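Have a look at this one before I ask anything.
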Amino acid sequence: MSSLKALPTLLRIGFSEAIVYRAEMLIWVLATTMPLIMLALWTAVAEVAPVAGLAGRTWSSGSFVAYFLIVFIVRQLISSWAAWEINFEVRQGTLAMRLLRPIHPITSYMAGNLAYLPQRFLVTLPIVVVLVLSPGLEHLSKSPAVWAMWAFSLVGGWMITFFANIAIGALSLFIESSVKIMDVWLAAFFVFSGYLFPIDLFPAWLRSASDWLPFRYQIGVPVELVTGGLTVEQAWPLLLRQWGWALGLLMLALTLWQVGVRRFQAVGG
Amino acid sequence: MIRIRGLTKHYRVHKRPPGLGAAIRSVFHREYTLVKAVDGLDFDVARGERVGFLGPNGAGKTTTLKMLSGLLHPTSGELSVDGHLPQSRETAFLKKIMLVMGQKQQLLWDLPPAETFELNRAIYDVPKDEFRKRLDELISLLEIGDQIGKPTRQLSLGERMKCELAAALVHGPRVLFLDEPTIGLDVSMQVVMRDFIRRYTEQFGATLLLTSHYMDDVAALCPRVVVIDKGQLSFDGKLEALVQKVRPEKRLTLRFSAPVAKERVAELGTVVRHDAAESVIQIPHDSVNGAVGRALAELPVVDLNVENPPLEEVMSELFGRSRAARAEGESAS
């Protein structure tokens, strides 16, 4: 209960920190421009000849514009870096200061990550303007219901990202560092999430593999939902799976944290 | 308030010699050693008591404080702080205690300390009026009014430590675990911190367990000391009694109106320092009266002072003995 009461202050102070680190965040944004590079690549391909997707969908340059600009926006809004924070704090022993406070550390990581959202919204605004003025606009859904589902899917996508970060970060309490595990996770994320290539362009076996992994539910499903890749009827079962992953990772993160924190050695000092 | 029985904390530590070969071997085969950081510790601390927790480096002091504050899970033994099991880290427990580590900080590095105070107010759920009143007191006692609005990274070490202490006390903890709170501070700042800690514990009836390598901290704050070595209790009692135990002598300082030969002074006790005008001698505790009488009768004494040996010296001797015993033990094994 006191965690909930403290949440507005945690968010406000996290936002103040985000403003201090604004230059760092801009550099991070530059590091996430891969969808824009893929956009240039795929639109060039589509201009030569339309690209046929597995599900019979034809990808024009306009549909690639819509897809990759939404990918960029979704990536900004579902990001988390808790795994690196936890690794750093476990190695330095500074996790001790977090553990001394009467608030669950996962809540404080969550507030710290969410506090960056206003800045990320600002970063996405120019992309939204470009999207509205581009041929990509006609490939976006006009249905408010679909956009409401999109917002819902963003929450699920963020939860998958955040709790996967917490679970992998908590592994650093068992092994000396879990940063490399995060690197492996990210490599799989880039391939299977739809971040670099739409899932629709995957070979059939890779596409069915992506259905069973969490990554598509972080980026692919929210993006496909508003860019015509999924109908509402197709989207509901996927959203159900997305929330299944989110809750499963939440349970995994809590369990790993609970067990791992018993092994914390609070080194230094 | 604090009860410790048979407390142990053992670590498995990966050990390898330096060099590339050893690094490669350690990929396939790791050697571990068992470190007994705390090894069967027993002691109690009453409510409102101020206790100095002393020991040489690596004795297990910080490990014990970390177990008492719930950061570490003991390997075995019983531990209770105001009826709470620390490692359960219940909210009620965390609201009662605070661990301040001189080498770790809770202040937000890039924001002014005022933001950390506000964050702690929210996290510890301190009512706003109470928070304002307590913060004003802390600001006035620690004289940090000019600092709390500057980013933490721009504060000096002393200013930061004072703000760190204010952040730690803003929720009014009743049990303080202070681990080297004055480390790196200059002498005047150490005095300010000591005075403040004493006043806080008296005002709130707070219990204090303090580790410090500055013996002035211990002498000024702690009537009782607990000394541990190799994770085991080696002394528990009054500071005065510890001094008696380690150095059962007193220091007699004599100032002369005329030069006195060292040999004459040596008849009274062991000469620690001597020059023509002043001499410092060490004498057994029960011979003080006789030595003072003889000095006044036989020497041209104009001033005389009897005191315990400096605490730093006592501790240095105590810890030196412990190091020697440890080295002996290691060479025997």
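The values are calculated or read from the model by the stated rules, or taken from the named source; none is laboratory data. What you are looking at is a predicted structure, and each value in this text was computed from that prediction instead of being measured. Here the Cβ is made from the backbone with ideal geometry for all residues, glycine too, and neighbour counts use every protein chain on show. Remember, those area values only see protein heavy atoms, side chains included, never the ligands or the DNA or RNA. Shrake-Rupley method; radii C 1.70, N 1.55, O 1.52, S 1.80 Å.
In the range A:230-246, what count of residues is obtained for those that are of a type in the set (A, V, I, L, M), free of Cβ contacts under 8 Å to residues at least 60 places away in the same chain and part of a helix (DSSP H, G or I)?
The number of residues fulfilling the criteria is 2.
Here is a follow-up. If I ask for residues that are in contact (Cβ under 8 Å) with a residue 60 or more places away in the chain, hydrophobic (A, V, I, L, M, F, W, C) and surrounded by fewer than 17 Cβ atoms within 10 Å (Cβ to Cβ), which ones from the range A:121-145 would you list?
Of everything in the range A:121-145, those that are in contact (Cβ under 8 Å) with a residue 60 or more places away in the chain, hydrophobic (A, V, I, L, M, F, W, C) and surrounded by fewer than 17 Cβ atoms within 10 Å (Cβ to Cβ) turn out to be A:130, A:137, A:145.
Please specify each residue of the range A:148-203 satisfying the condition of being within 25 Å of residue A:256 (Cα to Cα), part of a helix (DSSP H, G or I) and among the polar types (S, T, N, Q).
A:161, A:165
Name the pairs whose Cβ atoms lie under 9 Å apart, with the first residue in the range B:6-20 and more than 21 Å from residue A:266 (Cβ to Cβ), the second surrounded by 14 or more Cβ atoms within 10 Å (Cβ to Cβ) and of a type in the set (Ser, Thr, Tyr), and 6 or more positions between them or separate chains?
B:16/B:26
Taking the stated definitions as given, is residue B:208 in contact (Cβ under 8 Å) with a residue 60 or more places away in the chain and farther than 20 Å from residue B:138 by Cα?
For residue B:208, the condition - in contact (Cβ under 8 Å) with a residue 60 or more places away in the chain and farther than 20 Å from residue B:138 by Cα - is not met.
A further question follows. Which count do you get for residues in the range A:135-147 that are of a type in the set (A, V, I, L, M, F, W, C) and either closer than 17 Å to residue A:107 by Cβ or assigned to a loop (DSSP other than H, G, I, E, B) (or both)?
Number satisfying all stated conditions: 1.
What strands (runs of 3 or more DSSP E) lie completely within the range B:18-130 and have 3 or more residues being touching a Leu at 6+ places or on another chain (Cβ under 9 Å) and away from chain A (no Cβ under 11 Å)?
B:31-45, B:50-54, B:76-81
In the range A:69-97, what count of residues is obtained for those that are within 14 Å of chain B (Cβ to nearest Cβ) and either touching an Asp or Glu at 6+ places or on another chain (Cβ under 7 Å) or assigned to a loop (DSSP other than H, G, I, E, B) (or both)?
The number of residues fulfilling the criteria is 3.
Moving to a separate point now. Tally time: how many residues in the range B:131-159 are within 14 Å of chain A (Cβ to nearest Cβ) and at pLDDT below 90?
Residues that pass the stated criteria total 0.
If you don't mind, another one. Would you check which residues across the range A:251-267 are open to solvent by 70 Å² or more (accessible area, probe 1.4 Å), farther than 16 Å from residue A:97 by Cβ and either touching a Cys at 6+ places or on another chain (Cβ under 6 Å) or within 12 Å of chain B (Cβ to nearest Cβ) (or both) and list them?
Those that are open to solvent by 70 Å² or more (accessible area, probe 1.4 Å), farther than 16 Å from residue A:97 by Cβ and either touching a Cys at 6+ places or on another chain (Cβ under 6 Å) or within 12 Å of chain B (Cβ to nearest Cβ) (or both): A:258, A:259, A:262, A:263.
Please work out if residue B:162 is buried (at least 22 other Cβ atoms within 10 Å of the Cβ), in contact (Cβ under 8 Å) with a residue 24 or more places away in the chain and among the charged types (D, E, K, R).
yes
Is the range A:46-53 home to any residue that is of a type outside the set (A, V, I, L, M, F, W, C), touching a Gly at 6+ places or on another chain (Cβ under 8 Å) and either open to solvent by 20 Å² or more (accessible area, probe 1.4 Å) or touching a residue at least 40 places away in the same chain (Cβ under 8 Å) (or both)?
No: zero hits.
Also, quick follow-up: Filter the range A:146-178 down to the residues that are modelled with pLDDT of 95 or more and open to solvent by 40 Å² or more (accessible area, probe 1.4 Å) and list them by number.
Listed by number, the residues that qualify are A:147, A:148, A:151, A:152, A:155, A:171.
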